[in-house]
Amino acid sequence: MSKPITPDLETAETVRDAHSVPFQLRCIGCGEIGGAPTKNLRCAGCGDLLEVIYPGWKLRGPAFSPSTLKALWKQRRSSRLPLDESGVWRFRELLPNLREEKDAVTLREGNTPLYAMPQCALKAGVETLFAKHQGMNPTGSFKDTGMTMAASIARQEGFRWVACASTGNTSASMAAYASRGGMRSLVLIPDGQISWSKLSQALDYGAVTCQLKTDFDGCMKVLNEVAMRVPIYLLNSINPYRLEGQKTAAIELLEQMDWQSPNHVIVPGGNLANSSALGKAFVEMQELGFISRIPKISIIQAEGANPLVRTMRENAGKKLISVRAETMATAIRIGSPASWRKAVRVLEATGGAVEQVSEAEIALAKAEIGAEGIGCEPASAVTLAGLKKLVKLGFVKRSESVVLILTGHLLKDPDFTLKFHRGDLLSPANSDTYDAILAQQRAPIVLEPKAEAVMEVLGKFDSRLGA
Ligand code: F0G
């Protein structure tokens, strides 16, 4: 596996050799390198989380130069090999290498669009706003980019079962990748607290799905206990390989922006793995010489599920303050995020901010993203809501370029959207932004089956068309 690379040849062949330089796991707490993890994927010494490091990159030489890799990755866009068609494995030089390519479990994830968002830019008060839509992945969320990596490792290591606790998207993604990889999957979800769309995905993709009478944090506790007792591989985001796959959203984003970093990247915060993964990617891309400046990564939480906001504000990120989480953005209803320490490191390394937003602000932002023809699930909309606040605070300047990471597809939570447009989601009393919300609502209109009735409605919206 650890063939040395020859630094003097700049050919695709040498780049492939560079990829065979191994990676290692390092504990983010005590720093131990290469120790065998516990069954629940923590450091056996101190119990903290693990991260992937690549000592081989130090040996890389010109074969690993940004210009060579950029050309190789671009060239793969026209290849029909499954690994090249994947927007994750296309960047495999910067990922853990599999012993055999046949172990890769891919649904051709990644390759997600970067959209200009001119209307939302106006609402937020910035000149240049983009959305990187990770909801355009095969199962409708960003989880697929990490899942392809970690599910492939599970298959390579010969696991028959994989498992996760989830607020819905991880479980949907894991169920799909497990089945594609010929593995069984166990899903633990909080009873009655995830959207029907996500639950239906887990069922359809063939997972054994258990709804536990607790919240997400309770599901995580039970899962940890199960993992200690049976040979089952955890695919929660504490799995360090998940983060490696999720890094590729940042690499792909840079590629889409012609390798010019935006000033700000805004991410929703739940279990805090995605912000950690994106931060790790930008830091690595700078170390490797792809970019000269790292964007500020800001993390936005719902007011009712704000453990990171409190942790940063009340004790400067020294010790996690857990909360009892409550928000209609169910994907991020998490009170005790596993990757909080990694997220704190990312905030420190990139100079980003943490912010919290109300339920009404989330709902309004989601409708505004939808009205731009893009759409996303509620948890993703915290990014636009948070951006508005960061602009007001002067943290984001009008002239700076901003990218919102939209994490899930609009169809992940149709209930929320229908309630919003029917006016059943929020009461005027609990919302400062109620007028703006009313202006976004588009309730369905029930009519007699007559052309006149339809014309009358049209006339209300456009006098040139009406009866
Ligand atoms: N957005 C969506 C749509 C999510 O599903 C999640 C997390 C997040 C944002 C937050 O990302 O946890 O990396 O900070 N969903 C997990 C799940 C917890 O089980 O599907 P994070």
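Taking the conditions exactly as written (within 14 Å of the ligand (Cβ to nearest atom) and under 28 Å from Ala343 (Cβ atoms)), does Ile194 satisfy them or not?
Answer is yes for this residue.
When you scan the range 376-396, do you find a residue that is away from the ligand (no atom under 16 Å from the Cβ), of a type outside the set (Phe, Trp, Tyr), in contact with a His (Cβ under 6 Å, 6 or more places away or on another chain) and in contact (Cβ under 8 Å) with a residue 12 or more places away in the chain, even just one?
There is at least one residue in the range 376-396 that is away from the ligand (no atom under 16 Å from the Cβ), of a type outside the set (Phe, Trp, Tyr), in contact with a His (Cβ under 6 Å, 6 or more places away or on another chain) and in contact (Cβ under 8 Å) with a residue 12 or more places away in the chain.
Restricting to the range 180-190, count the residues that are more than 11 Å from the ligand (Cβ to nearest atom) and surrounded by 14 or more Cβ atoms within 10 Å (Cβ to Cβ). Walk me through it before giving the result.
Kept after step one, since they are more than 11 Å from the ligand (Cβ to nearest atom), are these residues of the range 180-190: 180-186.
Applying the additional criterion that residues be surrounded by 14 or more Cβ atoms within 10 Å (Cβ to Cβ) yields 180-181, 183-186.
The qualifying residues number 6.
Exactly one of these conditions fails for Leu288: (1) in contact with a strand residue (DSSP E or B) (Cβ under 8 Å, 6 or more places away or on another chain); (2) at pLDDT below 95. Give me its number.
Going through the list (1) in contact with a strand residue (DSSP E or B) (Cβ under 8 Å, 6 or more places away or on another chain); (2) at pLDDT below 95, Leu288 breaks only (1).
List the number of the failed condition for Arg155; all other conditions in (1) out of contact with any Asp or Glu (no Cβ under 8 Å at 6 or more places or on another chain); (2) closer than 15 Å to Arg242 by Cα; (3) more than 16 Å from the ligand (Cβ to nearest atom) hold.
Result: Arg155 fails condition (1) only.
Hey, any hits in the range 226-234 for a residue that's touching a strand residue (DSSP E or B) at 6+ places or on another chain (Cβ under 9 Å), more than 16 Å from the ligand (Cβ to nearest atom), over 26 Å from Pro37 (Cβ atoms) and not in a helix (DSSP H, G or I)?
For the range 226-234, residues touching a strand residue (DSSP E or B) at 6+ places or on another chain (Cβ under 9 Å), more than 16 Å from the ligand (Cβ to nearest atom), over 26 Å from Pro37 (Cβ atoms) and not in a helix (DSSP H, G or I): absent.
In the range 269-295, what residues are surrounded by 24 or more Cβ atoms within 10 Å (Cβ to Cβ), outside any helix (DSSP H, G or I) and more than 10 Å from the ligand (Cβ to nearest atom)?
Listed by number, the list holds a single entry, Pro295.
All but one of (1) more than 15 Å from the ligand (Cβ to nearest atom); (2) assigned to a helix (DSSP H, G or I); (3) aliphatic (A, V, I, L, M); (4) surrounded by fewer than 23 Cβ atoms within 10 Å (Cβ to Cβ) hold for Ile251, so report the exception by its number.
(4)
Just checking, does the range 157-174 include any residue being surrounded by fewer than 24 Cβ atoms within 10 Å (Cβ to Cβ), in contact (Cβ under 8 Å) with a residue 40 or more places away in the chain and within 20 Å of Cys219 (Cα to Cα)?
Scanning the range 157-174, I find at least one residue that is surrounded by fewer than 24 Cβ atoms within 10 Å (Cβ to Cβ), in contact (Cβ under 8 Å) with a residue 40 or more places away in the chain and within 20 Å of Cys219 (Cα to Cα), so the answer is yes.
Check whether at least one residue in the range 309-324 is of a type in the set (A, V, I, L, M), outside any loop (DSSP other than H, G, I, E, B) and either within 29 Å of Gln286 (Cα to Cα) or within 15 Å of the ligand (Cβ to nearest atom) (or both), and report yes or no.
The answer is yes; a qualifying residue exists.
State whether one or more residues within the range 261-268 are touching a Pro at 6+ places or on another chain (Cβ under 8 Å), at pLDDT 95 or above and within 16 Å of the ligand (Cβ to nearest atom).
Yes, the range 261-268 has at least one match.
The values are calculated or read from the model by the stated rules, or taken from the named source; none is laboratory data. Since we're looking at a predicted model, the values are computed, not measured. Virtual Cβ from ideal backbone geometry, glycine too; neighbours counted across all protein chains shown.
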